[in-house]
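Nothing in this text is a laboratory measurement; each read-out follows from the coordinates by a stated rule. This one's a predicted model, so the numbers in the text were calculated from it and none came from an experiment. Neighbour counts are summed over all protein chains in view; Cβ atoms, including those assigned to glycine, are modelled from backbone coordinates with ideal geometry.
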Amino acid sequence: MKVISLVKHAPTAPGLRLLGMGPRLTPTNGLEKLQSFLQKNTFWARGRTKQQLGKMLSNSTVVVSLWDQNQLIGFGRATSDLVFRAVLWDVVIASDRQGLGFGKLIIEAILTNKKIKSVERIYLMTTHSSEFYKQLGFKLNNNQSLLMINKNE
C-alpha cells in the first residue's frame, strides 16, 4: 500500500532548500525534484533555476509539499506579514493526481498554519482554477483590480 506524506516544512523550508529533504526527513534531491515538478506541471513556473527556487523558499512564510514515497506530487506556499495579508503561491498538484483531494489537503495545511490562520485577508491569483478555490471558500473579488509590472516582458 502506498503512503502519501504531507510535509509541513519549517519556515523558509531549510530541509528542502538546503538539504534536499523530502518525506520523513530523508534526502531526496528535493530542490531538483521541485524544479522538475514545476517544469512538468505548470506553465508559469517553467524555467526556474534551483538558485531561484532556493531564494523563493527562503522568503516563504509557509511551505507544504506532498509526496508519494520519494515522488513529489504536490506543492504549495504562502507569504505573509502575519497580521493583515497573506498570499498563496504556486499551489500545484501533479496532473495525473488531480481530482483526488490533494489540492484541498495542501490548501488546508497552508490555511491552518499558525502563521496564516489569524491573518485578516488571504489572496490568491489563478488563471484556470477559480472554481476549485471557490469550493474551498475563496470568493471572486470584483472590488479590486490586479495591477502588475512584468519585468520579463
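In this structure, is Leu34 of a type outside the set (Val, Ile, Thr), in contact (Cβ under 8 Å) with a residue 40 or more places away in the chain and in a helix (DSSP H, G or I)? Taking the combined requirement at face value, the residue satisfies it. Where strands (runs of 3 or more DSSP E) fall wholly inside segment 62-136, the ranges with 3 or more residues that are under 16 Å from Trp44 (Cβ atoms), touching a residue at least 12 places away in the same chain (Cβ under 8 Å) and of a type in the set (Val, Ile, Thr) are 85-93. Close contacts from segment 38-55, counting a first residue that is without any contact (Cβ under 8 Å) to a residue 60 or more places away in the chain and a second that is surrounded by 13 or more Cβ atoms within 10 Å (Cβ to Cβ) and part of a loop (DSSP other than H, G, I, E, B), with Cβ to Cβ under 7 Å and a gap of 6+ residues or different chains, come to Leu38/Ala45; Leu38/Arg48; Asn41/Ala94. Residues in segment 31-51 that are closer than 16 Å to Ile93 by Cα and touching a helix residue (DSSP H, G or I) at 6+ places or on another chain (Cβ under 7 Å): Leu34, Gln35, Asn41, Ala45, Arg46.
The set of residues in segment 7-27 being under 13 Å from Gln71 (Cα atoms) and crowded, with 20+ Cβ neighbours inside 10 Å consists of Val7, Met21, Gly22, Pro23.
Scanning segment 79-108 for residues that are over 16 Å from Ser129 (Cβ atoms) and not charged (D, E, K, R) gives Thr79, Ser80, Leu82, Val83, Phe84, Ala86.
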